Amino acid sequence: VAEVTDDLDDYEPTKAARAIDTFVNDNLSNWYVRLNRRRFWAGEMDTDKLAAYQTLYECLKTVALLMAPFSPFYTDRLYSDLVAPAMEGDGYASVHLADFPVSDPALVDKDLEERMALAQEVTSSVLALRRKVNLKVRQPLQTLLVPVMDQHQREALEAVKDIILDEVNVKELRLVNNEESGLVKRVKADFKKLGPRYGKIMKDLGKAIISMDQKSIAELEREGSFTFNELPGTPVVTVDDVEISAEDIPGWQVANDGSLTVALDVTVTPELRNEGMARELVNRIQNLRKSSDFEITDKVKVELSDLPEVRTALEGFGDYLADQVLADSVKLTADLGGENVSELDIDGLKVMARVTVVK
């Protein structure tokens, strides 16, 4: 609300519209709603479920008010759908008759916003590493290593650890001091940014930057800037003036974004592979339930091809699969055929499956 109001007051409608777009897509839809699906689908309307719905309602209503100058017809429908059911009688609620929202600084929790932005940043970097090595999110991995700059960053990451691990499907988050991470980092100057400021000494400054040792790089990341006292004019270089990268180590993938570095253990052990197979089976069986128009609460009987990969996965994670798909039984059959049999393609492996409702 504060950002959109300031932009409109400055006659910057494009910036205001983009701020709404960023909030709805990045923070509300792809983050809050997705991460709270379990709360929305919880059985009873307890305090936690009610809080989730009230928060979503408040966000959607406020977004309708903020969007009204840009999308007058759509927001009028959205606002009416949200507000009219709570009105007495059959009154029509129009967004254009409501007051424009006013920001309340007392409700802004900067620490919470910082922690959640950090969680989103770590998640985005790890998912990019998964794509780089073609490891789906349903395939669990063991360890995520994050070197921390200071105690404040450590506490912020500890507070959102469970969210990060759940989002990237990794078992363990290890937070280590930057100097103890074991990662070798390299720095290159951004000549477009530094050139206009230090043109005369740019050649020497570029060499000094690329020659920085690990301790100096850690100081640059921790403090946000580094002073080269040995050069004329003692130039000051910030994190935004350079490109920091970390070298990959065997079995790990490393990504660096500003002062944030993440290292992901991409070794898939047999146990992790079996769990990944179980998760893939859950996904395919859930799709079969949906395409067969089963009720969400329907108990089912599952029959699968008796393949070595399927058998070993069920030996360790059969109970997990049954719980996720509401299966009373999961049976392996050598030559599964007959009616209502579907072929599941799991990364090239053909698995026959039959899912039927338990009467």
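The values are calculated or read from the model by the stated rules, or taken from the named source; none is laboratory data. Everything numeric here is computed off the predicted structure, so don't read it as measured data. When the accessible area is computed, the model is the full protein with side chains, heavy atoms only, and any ligands, DNA or RNA have been set aside. Shrake-Rupley method; radii C 1.70, N 1.55, O 1.52, S 1.80 Å.
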Could you give the length gained by full extension between Arg273 and Asp6, i.e. 0.36 nm per residue of separation minus their alpha carbon distance, to one decimal place? 91.0 nm
Average projection area in nm² (convex hull over Cα atoms of segment 265-359, one quarter of hull surface): 6.4
Report the antiparallel proportion of the DSSP beta bridges in the chain as a percent, rounded to a multiple of 5. 65
Expressed in nm to one decimal, what extension gain is obtained for the pair Asp204 and Lys110 from 0.36 nm per residue of sequence separation less their Cα-Cα distance? 29.8 nm
Per-selection Rg to Rh, segment 147-256 - Cα, Kirkwood hydrodynamic radius: 1.05
For the chain, what % of the accessible area comes from carbon and sulfur atoms, probe 1.4 Å? 50
Which values of log₁₀ I(q)/I(0), to two decimal places, follow from the Debye formula for segment 203-296 at q = 0.24 Å⁻¹ with a uniform point scatterer at every Cα? -1.19
Give the distance, in whole Å, between the Cα centre of segment 1-42 and the Cα centre of segment 279-306. 35
Distance check, please: which entries in Lys132/Lys193; Lys110/Lys161; Lys299/Lys350; Lys132/Lys188; Lys15/Lys200 exceed 27 angstrom between their Cα atoms? Lys132/Lys193; Lys15/Lys200
Only Cα pairs within less than 10 Å get springs; with that Gaussian network setup on the chain, which residue of Glu12, Glu155, Glu121 has the largest fluctuation? Glu12
